[in-house]
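*Asks:* One structure, as structure tokens, below. Some questions next.
The values are calculated or read from the model by the stated rules, or taken from the named source; none is laboratory data. Remember, predicted model here, so these are calculated numbers, not experimental data. All Cβ positions, even for glycine, are placed from backbone atoms using ideal geometry, and neighbour counts span all protein chains on display.
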Amino acid sequence: MAWSSLTSSDTEPGWQAISLPSAGPLQVRAGRRSPDNAEALLVGFPTARLAAADKLPEGQGFAVERADPEGNGRLWLALTRKSAGSAELFAAMACDVVGALDDAVAASVDEAKLLRVLTGRVGAWQEFMRKGTQALSPEAEIGLIGELTLLRAIIDAGVPSAQAIESWVGPLDGIQDFELGTGALEVKATLSSAGFPAKIGSLEQLDDSTRQPLFVAGARLRQTDSGQNLPAIVEAMRLTIKGDAEAERLLAERLLAAGYVDSHADRYPRRFEQAGTRVVQVADGFPRLTSGTVPAGIMRAMYEIDLDKAPGENIGAEAALKKLGAI
């Protein structure tokens, strides 16, 4: 309604804005920027500052920019829709960002943390839009279930919820899915009952020269009528961390960055149950290609291995976490 009431054809550069309920110390406004008439969400920070070199998120349908609607030099960030961006999706994004700020205020976080909440949630939307804004493919659906399965195992083993979710960097395009201590855990999931085909996306994914120790967790799933679908698995994770505001915020960001939104829940009718998880350390003899083992001149590669044929005993998630120093 605010955006509709602000529609104009001003040719002079500037902002028109209507104040919305504040988020704690932050001022929040719905606005339009002239002369392109772009919808925007403006958030004002009384004392927080960004370094000139700090990079702000930018997605396919939106941009985040510094603004100064009052001309007093205070920090304002404007989340602005690009002309090619979907108005409906941008409105959903703006509501979600404001909701995240409201939740953070309710948890009594300080202004500097509110700035991180804003940029973190917008960054998650950036990943979501980069991945296409559509429902996950069947393969990506299986992959996300595998990562959530390991995340639950990490929390159950005693790693604090917020720390465990923060270590889940796969949705943020981390080289491995989880970075814990000095090492990492890469998760693969399959429905195959004969062999365990696993796609390796780069020469770095199974390279333990930079992060040690490195583990691969292979989660085998079985499709059944009595199992849980992806939305049920997500809801179970939310219940597990309920009451931990930081963990709830991080989980919301990671799910969004992974391409999961609740509005797509009806797109995931398939139900699954666990058929076992094997956690093995990547060491000598593990089937892999790395920058140090391929012939000179090969710069990148994607390949597939059979995890069932990878040597090494199944040490389980808890033992792996102990080796990583996470518990």
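*Asks:* Of all residues in the stretch 79-104, how many are surrounded by 13 or more Cβ atoms within 10 Å (Cβ to Cβ) and assigned to a loop (DSSP other than H, G, I, E, B)?
*Replies:* Qualifying residue count for the region: 3.
*Asks:* Against the definition (outside the structural domain of V97 (by TED's automatic domain parsing) and more than 25 Å from I165 (Cα to Cα)), how does G316 come out, yes or no?
*Replies:* For G316, the condition - outside the structural domain of V97 (by TED's automatic domain parsing) and more than 25 Å from I165 (Cα to Cα) - is not met.
*Asks:* Of the residues L191, L255, L180, which is among the hydrophobic types (A, V, I, L, M, F, W, C), outside the structural domain of G123 (by TED's automatic domain parsing) and over 19 Å from I155 (Cβ atoms)?
*Replies:* Exactly one residue qualifies, and that residue is L191.
*Asks:* Scan the stretch 213-246 for residues that are within 29 Å of P287 (Cβ to Cβ) and surrounded by 15 or more Cβ atoms within 10 Å (Cβ to Cβ) and jot them down.
*Replies:* P213, L214, F215, V216, A217, G218, A219, R220, L221
To keep it simple, each residue is scored yes or no on (1) within 16 Å of E186 (Cα to Cα); (2) of a type in the set (D, E); (3) assigned to a loop (DSSP other than H, G, I, E, B); (4) under 26 Å from the mean Cα position of the chain (by Cα).
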residue	(1), (2), (3), (4)
R249	no, no, no, yes
L256	no, no, no, yes
D266	no, yes, no, yes
E273	no, yes, no, yes
F286	yes, no, yes, no
T293	no, no, yes, no
R300	no, no, yes, yes
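So that you can scan it fast, the table gives a plain yes or no per residue for (1) touching a residue at least 12 places away in the same chain (Cβ under 8 Å); (2) among the hydrophobic types (A, V, I, L, M, F, W, C); (3) within 19 Å of A124 (Cβ to Cβ); (4) not in a loop (DSSP other than H, G, I, E, B):
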{"position": "S4", "(1), (2), (3), (4)": "no, no, no, yes"}
{"position": "I18", "(1), (2), (3), (4)": "yes, yes, no, yes"}
{"position": "A63", "(1), (2), (3), (4)": "yes, yes, yes, yes"}
{"position": "N72", "(1), (2), (3), (4)": "no, no, no, no"}
{"position": "L77", "(1), (2), (3), (4)": "yes, yes, yes, yes"}
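*Asks:* If a residue must be in contact (Cβ under 8 Å) with a residue 40 or more places away in the chain and either more than 14 Å from A217 (Cβ to Cβ) or loosely packed, with under 11 Cβ neighbours inside 10 Å (or both), how many such residues does the stretch 310-327 contain?
*Replies:* Of the residues in the stretch 310-327, 2 are in contact (Cβ under 8 Å) with a residue 40 or more places away in the chain and either more than 14 Å from A217 (Cβ to Cβ) or loosely packed, with under 11 Cβ neighbours inside 10 Å (or both).
*Asks:* Just name the residue that is modelled with the lowest pLDDT out of those in the stretch 1-33 that are small (G, A, S) and farther than 17 Å from A87 by Cα.
*Replies:* The residue in question is S9.
*Asks:* Next up: Any residue at all in the stretch 200-212 that is in a strand (DSSP E or B), touching a helix residue (DSSP H, G or I) at 6+ places or on another chain (Cβ under 7 Å), surrounded by 14 or more Cβ atoms within 10 Å (Cβ to Cβ) and in the same structural domain as F272 (by TED's automatic domain parsing)?
*Replies:* Step one: of the stretch 200-212, the residues in a strand (DSSP E or B) are 200.
Next, only the ones that are touching a helix residue (DSSP H, G or I) at 6+ places or on another chain (Cβ under 7 Å) stay: none.
No, the stretch 200-212 contains no residue that is in a strand (DSSP E or B), touching a helix residue (DSSP H, G or I) at 6+ places or on another chain (Cβ under 7 Å), surrounded by 14 or more Cβ atoms within 10 Å (Cβ to Cβ) and in the same structural domain as F272 (by TED's automatic domain parsing).
*Asks:* Something else about it: Out of all the residues in the stretch 34-41, is one or more farther than 17 Å from D102 by Cβ, of a type in the set (S, T, Y) and in contact with a strand residue (DSSP E or B) (Cβ under 8 Å, 6 or more places away or on another chain)?
*Replies:* yes
Okay, residues lined up against (1) in a helix (DSSP H, G or I); (2) closer than 14 Å to V279 by Cα; (3) touching a Pro at 6+ places or on another chain (Cβ under 9 Å):
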position: G123; (1), (2), (3): yes, no, yes
position: E127; (1), (2), (3): yes, no, yes
position: T133; (1), (2), (3): no, no, no
position: I142; (1), (2), (3): yes, no, no
position: L151; (1), (2), (3): yes, yes, no
position: I154; (1), (2), (3): yes, yes, no
position: A162; (1), (2), (3): yes, no, no
position: I165; (1), (2), (3): yes, no, no
position: I175; (1), (2), (3): no, no, no
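*Asks:* Right, another one. Regarding G132, is this residue over 19 Å from S202 (Cα atoms) and either surrounded by fewer than 16 Cβ atoms within 10 Å (Cβ to Cβ) or touching a residue at least 60 places away in the same chain (Cβ under 8 Å) (or both)?
*Replies:* So G132 passes the test.
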